[in-house]
Structures are given as structure tokens and as C-alpha cells.
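Chemist: My questions all concern the structure below.
The values are calculated or read from the model by the stated rules, or taken from the named source; none is laboratory data. Here the structure is a predicted model, which is why all the values come from computation and not from measurement. In this analysis, Cβ positions are derived from the backbone assuming ideal geometry, glycine residues included, and neighbour counts consider all displayed protein chains. Heads up: the accessible areas ignore ligands, DNA and RNA and are worked out on the full protein's heavy atoms, side chains in. Shrake-Rupley method; radii C 1.70, N 1.55, O 1.52, S 1.80 Å.
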Amino acid sequence: MKDFDINSEDWWNGDQKPDQAFFNEANTKIKAIYDSLNSFQDEEVQEDKTKKVDKIKLLEGLIKHYLDLTKVLDQRRGDYFKAGLQLFTIALAGLGIVIRYISPSNLTIVGLISASIAIGLVIIIYTGFRIITTYYWQTKSDRYHFLKIDAKKLNYLGNSWMWFYHGVPGVSKIPFTDNEKKKSAKDLESNKKGVLGYLEGAEAYFNNYIKASDKDIFIQHLRYTYLLLVHNAYKNKFDRQLTDRLSIGTRNAAFATVTALLISFGYSLVEKLPFNRHEIVDMTNRELHDSLKQDSKLATFHQLQQNATNKDNTAAIESITASDSIVKGLLKDTTATKPTTAKQATSQLKKASTK
């Protein structure tokens, strides 16, 4: 293994590079790793074959162990993703149901309860959405910081050529064909790149394996085992992140719903709100009935007053008619007797009125 250049910066994989202080600290650690690996000599391995074989078997066991852990964690993360989809769908449907019972213009106990439940459902919808987006965010490969290390420049760190395709030159260059049915010049170029990438990878992989010493094989196992260990740590953090999303969301939804329910019941007791809209309709009908009843009584009273007025008018008319008849009779009697003096006329008038 060649010595590592303590001033090297070309192992950083990316256009944007950190400052010099970062490289000074990182290169010091890389130099220590190289010195440790260089201290492991082929002669020492050959002198104790049994010990060397046991170490490789141990590393192979650890590799299987970390791969199994990764499968379990990926399955759990998939379950959280499914739970997020279910929460989002069910809560959205529930919100569509309870929102029909909410009417700001007519407050009822059922309406306030529905509003309280709706608050919790909105939080659940947001929680499900956060779980879904977090899961997709975690699947992006740039979440793994060790990919910033160029394995071609630091050939004993990063991806192992023996265990991972990213460590094999050419294999990563194989393009992805999205439509096999479509035949075009572009597809032909893609196929040519794929074949050349496969051949380049085969040449590098076969040469590495044939030329590898016992020490190289052992370091390849060691390198991949550590990479799986770090990868497993990321998976654990991802799993914990989804767990926190779910637990915090459900806890907040429950707290908000219970708090809103208590406030709603307290407000309904103070304001003596009706239970539901049907009760509002019944109350409205009763009020309308009482109003119509009152209006009927008022109409009857006004009718009686009108009738009384009409009777008074009839009596007055009859009185006027009677007076007119009396006057006419008096005039008739007066004309018949033909009084000669005023005194006699007055006397006749009095007699007529007496009659």
C-alpha cells in the first residue's frame, strides 16, 4: 500500500470543496488509518493461517449480520411509510365527513365536537404527509456522507471493489434504459456504453481479485464490514426519525383534540347551546308557532276592535237616521198644523220630539 499524501485534497468527491481546515483534520485521520493498515504485513498472516481464516470468517459473519439488520430496518421503514399513507388517507376522508356538521352560523354541541375532531384530523393528515416526504427524502443517495469520498483516490476507504459495484470502475457507468421497446440511435449509444462499462468492470474486478494478496482480501472484507456498519447507523437514524414523526404527530393530535373537546363542552354549557341542527329546527318551529299564535291573537283583537268600531258606526248611523226621521216628521207635522206664531211652532216641535 502506497503512503498517503497528508496534503491531498483530490479525494473529495464533488465540485464544492470544504475549507483547508477541514482537509487538515480529515487528512490526519486518513493518515492514521493508512498507517494502521500498513502495519498489517502479509508475512504475519502467512505465519498464522488459522488466525487469518478465523478473522475472515468473523468478518463474513459480521457482513451477514449487518445486511440482516438493514433488511429489518428497511422493512420497518416501509411499514412506517404504509402507516403514513393510511393515516393521510383515512384522516382526509374523516375530515370530509365531520366538516359537514360544522356551521359557524349555527353553533351546536355536535358542531363543536366535530370541529374538535377536525383539528385532530388535520394534525394527523400533516403527520402522514411528513412521514411520506421524510421516507422519500431518506431514499436519496446523497444522504450518505461517505459517498463524498472518492474510492479511486482512497482505495482503502469508501466502497469495496470486492463487495460493492460502486467500487468497481466501469460498472457505475452502465446507463439505465427506461424504454426497451423504443429503438433509436440514442438507445444504440446507451447499449454501447453499457457493454463497454460491463467489460471495463470485468477487467478491473478480475485483475484485482487475481493480483490480490491475502492481506488485500482481508482488508476488502474489513473495508466492507465497516461500510455496512456505518450504513446501518444511517438506517437506524432514519428509522428513529420516522418513529419520532409518528409518535409526535399522534401525541399532538390527541392533545389538541382533547383540549378542544373540553373547551367545546365548557362553552356549550355556559351558552346553553342546542345539541344539533334538528334541535335548532325544533326550537325555530316552536318559536314560529308561538309567533303565529301571538299574531293570531293580535289579529283577533284587532278584528274585535274593528267590529266594535263598526257597531259604533252603525249605531251612529241609526241615530242619525232616527234624528233625520224625527226632523222630517216634525217638519211634516209643522206643515200640517201651520202654526201662526213662533211660540206655537216651538210647542209643536216639543210634542213631536216627545212622541
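Chemist: Among the numbered criteria (1) farther than 23 Å from Asn207 by Cβ; (2) at pLDDT 80 or above, which single criterion is violated by Leu147?
Modeler: Unmet condition: (2).
Chemist: To continue, here is another question. Return yes when Thr177 is modelled with pLDDT under 80 and of a type in the set (Val, Ile, Thr) and no when it is not. Working first, answer last.
Modeler: Working: modelled with pLDDT under 80: yes; of a type in the set (Val, Ile, Thr): yes.
For Thr177, the condition - modelled with pLDDT under 80 and of a type in the set (Val, Ile, Thr) - is met.
Chemist: Now, a different point. Any idea which residue in segment 233-247 is nearest to Ile117 (Cα to Cα), counting only those that are surrounded by fewer than 16 Cβ atoms within 10 Å (Cβ to Cβ) and in contact (Cβ under 8 Å) with a residue 12 or more places away in the chain?
Modeler: Here is the first cut: in segment 233-247, the residues surrounded by fewer than 16 Cβ atoms within 10 Å (Cβ to Cβ) are 233, 236-237, 240, 243-244, 247.
Restricting the remaining residues to those that are in contact (Cβ under 8 Å) with a residue 12 or more places away in the chain gives 236, 243.
Working: Asn236: 34, Thr243: 23 Å.
Of everything passing the filter in segment 233-247, Thr243 is nearest to Ile117 (Cα to Cα).
Chemist: Within the bounds of segment 54-66, is there any residue that is β-branched (Val, Ile, Thr) and either within 23 Å of Gly266 (Cα to Cα) or in the same structural domain as Phe218 (by the TED database) (or both)? Explain how you work it out, then say what you get.
Modeler: Restricting attention to segment 54-66, the residues satisfying the condition of being β-branched (Val, Ile, Thr) are 56, 63.
After this cut, where a residue has to be either within 23 Å of Gly266 (Cα to Cα) or in the same structural domain as Phe218 (by the TED database) (or both) as well, the list is none.
The answer is no; no qualifying residue exists.
Chemist: A follow-up question, please. Considering only segment 133-151, how many residues are open to solvent by 30 Å² or more (accessible area, probe 1.4 Å) and in a helix (DSSP H, G or I)?
Modeler: Residues in segment 133-151 being open to solvent by 30 Å² or more (accessible area, probe 1.4 Å) and in a helix (DSSP H, G or I): 11 in total.
Chemist: Another question, then. Within segment 64-111, which residues are open to solvent by less than 80 Å² (accessible area, probe 1.4 Å) and of a type in the set (Ser, Thr, Tyr)?
Modeler: Tyr66, Thr70, Tyr80, Ser103, Thr108 - these are the residues of segment 64-111 that are open to solvent by less than 80 Å² (accessible area, probe 1.4 Å) and of a type in the set (Ser, Thr, Tyr).
Chemist: Could you grab me the full set of residues in segment 12-42 that are within 22 Å of Asn159 (Cα to Cα) and not in a helix (DSSP H, G or I)?
Modeler: Listed by number, the residues that qualify are Trp12, Asn13, Gly14, Asp15, Gln16, Lys17, Pro18, Ser39, Phe40.
Chemist: Of the conditions (1) in contact with a helix residue (DSSP H, G or I) (Cβ under 6 Å, 6 or more places away or on another chain); (2) closer than 30 Å to Phe206 by Cα, Lys71 satisfies every one except a single condition; which number is it?
Modeler: Checking Lys71 against (1) in contact with a helix residue (DSSP H, G or I) (Cβ under 6 Å, 6 or more places away or on another chain); (2) closer than 30 Å to Phe206 by Cα, the one that fails is (1).
Chemist: Follow-up. Kindly indicate whether Lys183 is closer than 30 Å to Ile99 by Cα, basic (Lys, Arg), open to solvent by 70 Å² or more (accessible area, probe 1.4 Å) and modelled with pLDDT under 85. Before you say what the answer is, go through the steps one by one.
Modeler: Values: closer than 30 Å to Ile99 by Cα: no; basic (Lys, Arg): yes; open to solvent by 70 Å² or more (accessible area, probe 1.4 Å): yes; modelled with pLDDT under 85: yes.
No, not satisfied.
Chemist: Same structure again: Collect the residues in segment 8-31 that are of a type in the set (Val, Ile, Thr) and surrounded by 14 or more Cβ atoms within 10 Å (Cβ to Cβ), keeping them in residue-number order. Outline the logic, then answer.
Modeler: So in segment 8-31, the residues of a type in the set (Val, Ile, Thr) come out as 28, 30.
If the condition is that a residue be of a type in the set (Val, Ile, Thr) and surrounded by 14 or more Cβ atoms within 10 Å (Cβ to Cβ), then Ile30 is the only one that fits.
Chemist: Moving on to the next point. Can you give me the number of residues within segment 209-224 that are without any contact (Cβ under 8 Å) to a residue 24 or more places away in the chain and within 24 Å of Phe146 (Cα to Cα)?
Modeler: Summing the residues that are without any contact (Cβ under 8 Å) to a residue 24 or more places away in the chain and within 24 Å of Phe146 (Cα to Cα) in segment 209-224 gives 1.
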